[in-house]
């Protein structure tokens with residue numbers, strides 16, 4: 001089920017075809033997963049989203065790609081996005097996340113959620129020592 | 001402001017004193033930040049929480065400590081826990097997170113939130129290729 | 001699957017029958033969708049919920065009905081309510097939301113989520129100029 | 001700070017005055033807390049909200065009032081509503097919540113959040129035995 | 001579907017077997033539901049999670065077990081954890097939650113969410129009278 | 001307080017100065033609000049964020065600007081972003097949102113949150129009639 005339909009012949013649109021070709025090339029597979037197939041309903045949104053993903057999640061940055069996928073998983077879990085948890089877990093595994101790293105990631109996410117809720121229940125004041133402005 | 005009071009003489013309780021001493025030793029400072037001061041209202045909860053933090057966030061695991069703090073920040077941002085974002089950003093910096101890593105972390109968190117919401121708006125089906133059970 | 005059962009003969013209860021008839025009349029169809037069928041387990045809750053929906057989402061107010069459905073979708077996406085995203089997208093389309101408006105709505109929701117997370121990560125102070133109390 | 005202003009003379013409006021009087025009577029104090037003072041900007045919304053609170057949170061129902069306030073706190077923590085956590089913690093204490101119950105409530109909320117995130121990270125299938133429809 | 005696989009012969013691991021036996025004994029059934037079957041991928045995480053559930057949710061505490069399950073449901077609904085809502089609704093029913101209590105719980109959760117969002121939209125200041133520190 | 005510092009002389013950076021000038025021109029005021037001042041810590045992120053805001057929230061699209069700000073508020077409320085609720089309420093008012101529209105927006109957001117939680121508590125199946133794929 002979905003709230004909008006994926007186009008039946010996405011490659012008929014030049015913008016979509018260019019993005020799909022780039023996805024296929026960058027991943028070495030013909031398979032296009034559902035987020036891209038459905039975003040193709042709006043070629044400009046597809047193009048912008050893919051471009052941003054490539055730029056932010058690519059390998060030539062300060063944080064390595066596998067770690068960035070693990071951070072992506074953490075946010076997706078907290079936002080309860082089922083599709084995103086699945087797709088980025090698959091991506092993290094493709095970039096080398098081991099079983100041990102996956103379950104440790106789960107531990108960190110779960111503990112963060114636990115203390116997030118503890119702290120919100122207590123409504124405690126932020127220590128002034130944490131303030132970046134104070135330290136500049 | 002807070003919903004429960006921090007005890008005025010926390011070190012008077014043996015359990016609390018032991019935890020506070022361990023916090024001070026492990027960080028090399030006498031300063032005890034607010035989450036621990038307020039949790040001291042319930043010494044058993046304080047002890048369990050500190051013990052779990054030490055075990056999960058310590059350095060002798062599969063994911064390095066700085067990365068774990070960055071994952072912790074990601075969850076805390078998505079759960080909108082102001083205190084937690086402050087305290088774990090301070091912890092990540094203490095463990096070596098650079099300014100460039102911090103802003104790149106922000107980019108990853110923000111992009112994840114963006115696609116989380118896009119995907120939830122589309123309600124697209126999960127690709128069967130993502131299923132771990134299918135692959136075992 | 002569900003956590004409570006829909007009654008098998010909902011029209012046997014007078015309160016339920018009156019609400020179901022009103023739903024059928026106001027929509028011009030005999031079909032009753034699942035939220036109402038399951039809420040019928042508690043006729044008073046069914047009646048109150050339908051009454052509130054009719055009052056808030058009706059056409060005789062300051063914001064037009066199509067726009068209110070789009071706002072409803074936005075909240076439902078952020079709260080990760082799958083059923084709600086589906087049902088209110090259908091409602092918005094029934095009230096005239098075009099494909100172009102739907103994808104633009106997705107863009108606004110996604111961008112809001114992105115900057116929500118950026119801002120929460122930065123924990124920046126609210127500008128005093130935004131304070132309504134200051135301006136009165 | 002706020003996004004709308006509380007009226008300066010709320011009692012000048014008959015609807016507001018009636019609600020404020022009812023709040024004062026039911027609590028035995030002249031103090032009106034901020035949610036009601038700001039909702040008075042829209043007397044109909046004030047009246048409907050107070051009426052719903054009285055009806056749902058009152059004492060003549062299946063779940064006792066103190067427990068309902070504790071459930072209210074749990075939802076408010078998960079939704080990160082600072083004002084709500086404060087006001088309903090005060091209400092729960094006024095209805096008899098002890099310090100030991102408050103910290104036990106915190107433990108349950110924190111554990112629930114922890115396993116919520118664990119389960120969402122695993123994306124496990126729901127056991128068919130949990131299905132209410134199956135059991136009817 | 002899932003993001004990690006449940007082990008095929010979980011009882012082959014001693015830690016897993018001990019936990020599964022304890023689950024079976026404490027519930028009087030051979031059935032092990034999915035959260036435990038999948039957590040068995042990481043025996044230490046399984047053991048710690050079960051141990052914490054037993055300790056926090058057990059019967060020998062300040063808040064009765066049925067009420068704790070209802071609080072657990074409230075958090076799970078707000079965090080949009082489908083599996084958790086199902087499993088803890090089943091647990092609450094097993095501990096005596098009636099149909100009337102279930103729908104009243106739904107009313108409280110729904111009303112809390114409503115006022116959480118109202119208050120967040122208004123961004124109203126917290127009344128100083130709610131501050132626990134002020135009252136000590 | 002904040003987790004990163006705003007640069008003291010932001011206009012000294014050419015990229016920042018160009019963005020700030022564009023913000024000032026498009027709004028007809030010299031005042032730069034905090035999100036932009038703090039994002040200036042990372043000029044590329046500042047530039048990309050402002051560019052996306054201008055493109056998505058501008059006036060030349062299918063949904064009018066005031067409505068888009070109201071949708072933005074809805075998402076920001078559900079995501080509990082205090083700063084965002086303040087800044088986009090100010091923006092919506094600047095684009096003509098009346099007091100009556102603001103409180104009606106609050107009603108719609110609050111009702112959506114209420115039924116989001118009701119539906120998630122019930123875990124009801126999505127009606128197949130809502131499926132866009134089915135209708136294509």
FRET efficiency for residue D:25 and residue E:128 from the Cβ-Cβ distance with R0 = 30 Å, rounded to 0.05, comes out at 0.80
Please give the average number of partner chain Cβ atoms lying within 10 Å of the Cβ of each residue in A:92-101, rounded to a whole number. 2
Taking Cα atoms only, helix A:99-122 is inclined relative to the longest principal axis of chain A by an angle, in degrees rounded to 10, of 50 degrees
Size of chain F as Cα extents on the principal axes (Å, biggest first): 57, 37, 31
For chain E, longest principal axis from Cα atoms; helix E:14-27 axis from its Cα atoms; angle between them, nearest 10 degrees, is 60 degrees
For the stretch F:1-75: rounded, prolate or oblate by the Cα gyration tensor [a/c cutoff 1.5]: prolate
Order of D:53, A:124 from fewest to most other C-beta atoms within 10 Å? D:53, A:124
Sites residue B:98 and residue B:62 - FRET efficiency at Förster radius 22 Å, r taken between beta-carbons, to 0.05: 0.45
How many nanometers, to one decimal and shortest first, lie between the label point of residue B:29 and those of its other copies, if labels sit 7 Å from Cα toward Cβ? 3.7, 3.7, 4.6, 5.0, 6.0
Cα gyration tensor of the protein assembly as shown, axes a ≥ b ≥ c as square roots of the eigenvalues: rounded (a/c below 1.5), prolate (a/b > b/c) or oblate? rounded
Which whole number gives the average, over all residues in D:6-17, of C-beta atoms from other chains lying within 10 Å of the residue C-beta? 1
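Which of F:107, D:41 has the fewest other C-beta atoms within 10 Å, and how do the rest follow up to the most?
Values: F:107 24, D:41 21.
Fewest-to-most Cβ neighbours within 10 Å comes out as D:41, F:107.
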Once both label points are put 7 Å beyond Cα along the C-beta direction, the residue F:1-residue C:55 separation in nm becomes 4.0 nm
At 7 angstrom along the Cα-to-beta-carbon line, where would the label on residue C:125 sit relative to the other copies? Give the distances in nm, shortest first. 1.5, 1.5, 5.3, 5.5, 5.6
Across C:51-59, the residue-averaged tally of Cβ atoms belonging to other chains within 10 Å stands at 3
Per the helix-only model, chain E has a calculated mean residue ellipticity at 222 nm (DSSP H runs of ≥4, -39500 (n - 2.57) each, divided over all residues, rounded to the nearest 500) of -21000 deg cm²/dmol
Whole Å is fine, so just give me how far the alpha carbon centre of the stretch A:8-55 lies from that of the stretch F:95-128. 33 Å
Take every Cα pair under 8 Å in chain F that's 6+ residues apart, average their separations, divide by the length, and report that relative contact order as a whole percent. 16 percent
Distances in nm from residue C:60 to the matching label points in the other copies, shortest first (labels 7 Å along Cα to Cβ): 3.2, 4.1, 6.3, 6.3, 7.3
Axis-nearest residue of F (beta carbon) for the F-onto-D rotation, whole Å: F:80, 2
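Give me the percent relative contact order of the stretch F:53-109, please, defined on Cα pairs under 8 angstrom at least 6 residues apart.
33 percent
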To the nearest 10 degrees, how steeply does helix E:43-57 sit against the main Cα axis of chain E, on a 0 to 90 scale? 50 degrees
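Each reported figure results from applying straightforward, stated rules to the coordinates on display, with no laboratory input. Keep in mind that what you see is a predicted model, and the values were worked out from it rather than measured. Heads up, the Cβs are rebuilt from the backbone with ideal geometry, glycines too, and the neighbour counts pull from every protein chain shown.
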